[in-house]
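The values are calculated or read from the model by the stated rules, or taken from the named source; none is laboratory data. Because the structure is a prediction, the values reported are computed rather than measured. Here the Cβ positions follow ideal geometry from the backbone for every residue, glycine too, while neighbour counts run over all protein chains shown.
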């Protein structure tokens, strides 16, 4: 059994308009997931450095960031990052270029966590429904073309409300959605923008939205989580 989580951390700017990366880590420690997909993990302007510094992550968390070879100081790629427990093995990783009008991307990592092999894809899709579908097709095509097949978890901020249409329907043809619940807006959640999906080799035993006092102020999104295991 592995616990995974997805969190649009909004560059660690909370609903109180304060940037506090240590508060973001507090929320993540509350969830205590084995693997975390982050969105909006980098600063928006300038060199786009990671908001959570390597020192802060090393000294105050049980995780390490998957290194995607980006030299800008980013935690990942276009704000997408993957955290894994420090004892986990990163077997392979890559960035996925997505079609978009503005910079968008996804990240993928093959991991060995607690002895289990797992492929994780983290993403933050477009606000436009047309571009979201194109991005979903690009991700699915990339996975389909992979020479190595692994049990796969995909998660992130999909920016889509309706499961019966758009990119959610496209993903749903190949993956099962965890019933995580409404995650946006953090102060009064009305929309299921943040999603966790698993391939047929995996099942979800529990899932939900992490709604704590810290989470309600740390970002405008609440984190979502799921416990997954081999089917």
Practice task
Would you tally the residues in region 130-158 being free of Cβ contacts under 8 Å to residues at least 12 places away in the same chain and either touching a helix residue (DSSP H, G or I) at 6+ places or on another chain (Cβ under 9 Å) or farther than 20 Å from residue 110 by Cα (or both)?
Solution key: 2
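Determine whether region 109-116 contains at least one residue that is part of a loop (DSSP other than H, G, I, E, B), out of contact with any helix residue (DSSP H, G or I) (no Cβ under 8 Å at 6 or more places or on another chain) and farther than 19 Å from residue 176 by Cα.
Checked region 109-116: at least one residue is part of a loop (DSSP other than H, G, I, E, B), out of contact with any helix residue (DSSP H, G or I) (no Cβ under 8 Å at 6 or more places or on another chain) and farther than 19 Å from residue 176 by Cα.
Residue-by-condition table, conditions (1) on the phi > 0 side of the Ramachandran plot; (2) surrounded by 20 or more Cβ atoms within 10 Å (Cβ to Cβ):
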site: 140; (1), (2): no, no
site: 148; (1), (2): no, no
site: 159; (1), (2): yes, yes
site: 166; (1), (2): yes, no
Practice task
Looking only at region 159-174, decide whether some residue is more than 23 Å from residue 126 (Cβ to Cβ), modelled with pLDDT of 95 or more and either in a loop (DSSP other than H, G, I, E, B) or in contact with a helix residue (DSSP H, G or I) (Cβ under 8 Å, 6 or more places away or on another chain) (or both).
Solution key: no
Problem - Which numbered condition residue 197 misses (of (1) in contact with a helix residue (DSSP H, G or I) (Cβ under 9 Å, 6 or more places away or on another chain); (2) at pLDDT 95 or above; (3) within 30 Å of residue 17 (Cα to Cα)) - result: (3)
Completion exercise
Residues of region 22-50 being under 18 Å from residue 64 (Cβ atoms) and at pLDDT below 95, in sequence order, are 42, 49, 50
Exercise for the section: For region 99-125, enumerate the residues that are at pLDDT 95 or above and farther than 24 Å from residue 229 by Cα. Expected result: 124, 125
Completion exercise
For region 14-42, the count of residues that are more than 18 Å from residue 156 (Cα to Cα) and buried (at least 18 other Cβ atoms within 10 Å of the Cβ) equals 3
Practice task
Enumerate the pairs (first residue in region 27-44 and at positive phi; second residue anywhere and surrounded by fewer than 22 Cβ atoms within 10 Å (Cβ to Cβ) and not in a loop (DSSP other than H, G, I, E, B)) with beta-carbon separation below 8 Å, excluding pairs fewer than 6 apart on the same chain, so at least 6 apart or on different chains.
Solution key: 32/3; 40/10; 40/11
Exercise for the section: Please find, among 188, 149, the residue that is within 23 Å of residue 40 (Cβ to Cβ) and either in a loop (DSSP other than H, G, I, E, B) or within 16 Å of the chain's Cα centre (by Cα) (or both). Expected result: 188
